[in-house]
């Protein structure tokens, strides 16, 4: 009877947990959760997200204990080391876990899988987060979809239905003896000063997988049938016009397959009864669920999208790195009531309605022209349901960075949106008490109210409520000017690339754009998902896809310089000048740090002098050629560090800030970055036999996105060096 470690991550449930159920069938089960903020790097969860995780772990621990095998919780900077330690202590021969698709998890999972396999431990992975795996969905030419409608239509017309949800195991066979671990409290997910604020969250939310099922049942009983008409109401948690299932989905307390099949049952029933309104509501809700699928699909096939626009043209947009604007937006002091109410609700509760998120995000990128990555990272810090893939999709969609996103020149009027989503002003009055006595006529544009109305309501513009931070007309004119500048820069960059003076961005294709005659053709990256090739009998459509780190001579020199000092210090390849006020000092030939200094953990750390075996993931200096803005919460010293891939890097160093790049997010501490701008993914088949012993070679093949594309400039340089 096999002994299996089940590695829990964002799948904190018993029901429809493929990894747990497969392990229960195999024999002894050791459930393990590893809290590793160092591996999270710049995507260290925010306060409210960590509160939810803590409560969910407590709930899961009790449930697993009742089944016979308690959850072993550990805190460590190295997940692989913990799994190997537990495997050695228990004699476990297998590790099972469910797939994740964000770039941070893909890199970590690839490293863990390689490390376990090299020790002779069998690793099996499962789909516990999606209806269809990203490599199962592709267009007629075998390419990845970049339009949501086409993607979702393909999903709804797949030749096989999403698998039905699995029942939880009746019991688990636990290990003999007690394993050393810690409690959820000892993981350090919650600081003492945070507990008083977090106590308020428990009044509105109940984390845990069994409560997630109750929330789904409640939604199916009533709100679902009116979802098509009520989903745009900005009532938030109090009115519950939406499902409120997103936090449960993010932490894996609820299976997306269970939601899909339960909603489909309602759809079939209402179709049989002729309930047309209910059918429309189901279609709308399934479409919303599809956006979650699409977010993981894009994140997997285009793993650079957490830092760079999917549309290559947006690289040239002149974002405004204005800390004053950013602070006013975060604090809800923009002078536009709906925007300010949304941002204050977000800060106070960690939640806001989807339509409010769209309004505040649009205001940030279109009115204020703040870099969309700043807003994305702020949402990551403060949202209760902070989800990297969904966060990236939402902000890229609003900023016009997707082929089917908002038009580049589209600008939402907060006044119009206010009367559309909050016609009676109840939402604004709840979160902006200084405007509570203002009549409905002026509630969404107090700057137009007569002086008498303002005095009667106790409103003094510029004193107890700010004037608009920018006029609507001025914002529209400035956006048009910025777009014109973007197209000029884009044309210049293409001309330079055609003349061999600029490094390219990989293979792209033109797609139909939006936003007027200047925006009719846009460049989007091309990714091959499927080719007609012979597939061995050992492979399966369920095989996990993970990033492959493809080294070149430059990467090897960088690794030797940073980690082993066997080669000369690599010439600085950063494209952001030393004088940039928000970025730390550049490394390399112009840096002042000693050669054995690795950024992270607030000081000099020991250097790993072990030779690297390519292709593997290597620890690198996180400031090297990185433009990532960190949102790690100040005070978490162990959130820096971790292991990141060596993506392809630019060779051009310039004395000025490159177009399309932005400085570090103000007011937050920098953590580990995954910024590698010239990232291109194409799918190839890699046999596990090349990396493991013959004993494990027949266990599994898996596909890997090949990251990195050499340009003619780099090829010429390599030939010269040879």
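Derivation of every value follows stated rules applied to the coordinates shown; laboratory data play no part. Treat the numbers as computed from the prediction; the structure is a model and nothing was measured. Here Cβ is always computed from backbone atoms with ideal geometry, including for glycine, and neighbour counts include all displayed protein chains.
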Checklist entry - How would you rank 497, 250, 232, 445, going from fewest to most other Cβ atoms within 10 Å of each one's own Cβ? => result 232, 497, 445, 250
Next on the checklist: As a footprinting exposure proxy, order 108, 264, 9 by other Cβ within 10 Å, with the fewest listed first.
Outcome noted: 264, 9, 108
Checklist entry - Given labels modelled 7 Å from the Cα in the Cβ direction, how far is it in nm from residue 288 to residue 221? => result 1.9
Checklist outcome for this item: The residues 195, 266, sorted from fewest to most surrounding Cβ atoms within 10 Å, come out as 195, 266
Item to check | Spacing of the two label points (7 Å from each Cα toward its C-beta) at residue 206 and residue 347, in nm | outcome: 3.2
Checklist entry - Given 0.36 nm per residue, what is the gain on full extension from residue 467 to residue 185 after removing their alpha carbon distance, in nm? => result 97.0 nm
Next on the checklist: Bins of 5 Å, beginning at zero and ending with the bin holding the largest distance: percent of Cα pairs per bin for the range 326-376, please.
Outcome noted: 4, 24, 37, 26, 8, 0
Checklist entry - Working out 0.36 nm times the residue gap between residue 156 and residue 481, then minus their Cα-Cα distance, what length gain in nm do you get to one decimal? => result 112.9 nm
Item to check | Inter-label distance, nm, simple model (7 Å from Cα along the C-beta direction), residue 474/residue 327 | outcome: 1.9
Checklist entry - Could you give the Stokes-Einstein D for the range 312-473 in µm² per second, using the C-alpha Kirkwood radius, 10 °C, 1.306 mPa s? => result 98
Next on the checklist: Under the rule a/c < 1.5 gives rounded, and otherwise a/b versus b/c splits prolate from oblate, where does the range 256-394 land using the Cα gyration tensor?
Outcome noted: prolate
Item to check | Sites residue 436 and residue 404 - FRET efficiency at Förster radius 51 Å, r taken between beta-carbons, to 0.05 | outcome: 0.80
